[in-house]
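No lab work stands behind these numbers, since they all come straight from the coordinates. Keep in mind it's a predicted model, so treat the numbers as computed, not measured. Note that each Cβ is placed from the backbone with ideal geometry, even for glycine, and that neighbours are counted across all protein chains shown.
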Amino acid sequence: MRMRLIALLAMVAFTACATSAQESRRSGTQTAAYSQVGVASWYGGKFHGRKTASGEVYDQNRMTAAHRTLPFGTRVEVTNLRNGRSVVVTINDRGPFIKGRIIDVSRRAAGKLGFRNQGVTRVRVRTVPTS
């Protein structure tokens, strides 16, 4: 029993160390490099004015996004690989919840990226280093 407890505590400590090395910090102390290519979508409409997972009120006219794992407050550059346009958004929500998608951007961000009419596009998402 005692050995199981020690093993469990060791696993938790190891996992916490690994996770903290990958996370961006809202305080701006350090942002770990993150880069992923995949499909982006956008959301607005019925979510406008509702609370996000971070507790902020969602405003489809701000430069924000939802990501499954990046910490709230992380700034990422999203580049539309079909037309080369890029924007910087702040993660303030969780999602997307559709398989195969890596980020949901706000309506405004989708417009600046040039895919609002299509609904989805192929993108590269990279963390923006903190200064």
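Label-to-label distance for His48 and Ala32 is 3.7 nm, based on points extended 7 Å past Cα in the beta-carbon direction.
Remark: His67, His48 ranked as His48, His67, counting other beta-carbon atoms within 10 Å and listing the fewest first. Bridging of Lys112 to aspartates and glutamates at a Cα separation below 20 Å is possible for Asp59, Glu77, Asp93, Asp104, once same-chain residues fewer than 8 apart are set aside.
Within region 62-131, report the trypsin sites (Lys or Arg not before Pro) that DSSP leaves as loop and that have at most 16 other Cβ atoms within 10 Å. Display every interim value, and only then the final one.
Values: sites: Arg62, Arg68, Arg75, Arg82, Arg85, Arg94, Lys99, Arg101, Arg107, Arg108, Lys112, Arg116, Arg122, Arg124, Arg126; in loops: Arg62, Arg68, Arg82, Arg85, Arg94, Lys99, Arg116.
Answer by residue number: Arg62, Arg68, Arg82, Arg85, Arg94, Lys99, Arg116.
Subtracting the Cα-Cα distance of Arg68 and Leu81 from 0.36 nm times their residue separation leaves 2.6 nm of extension gain.
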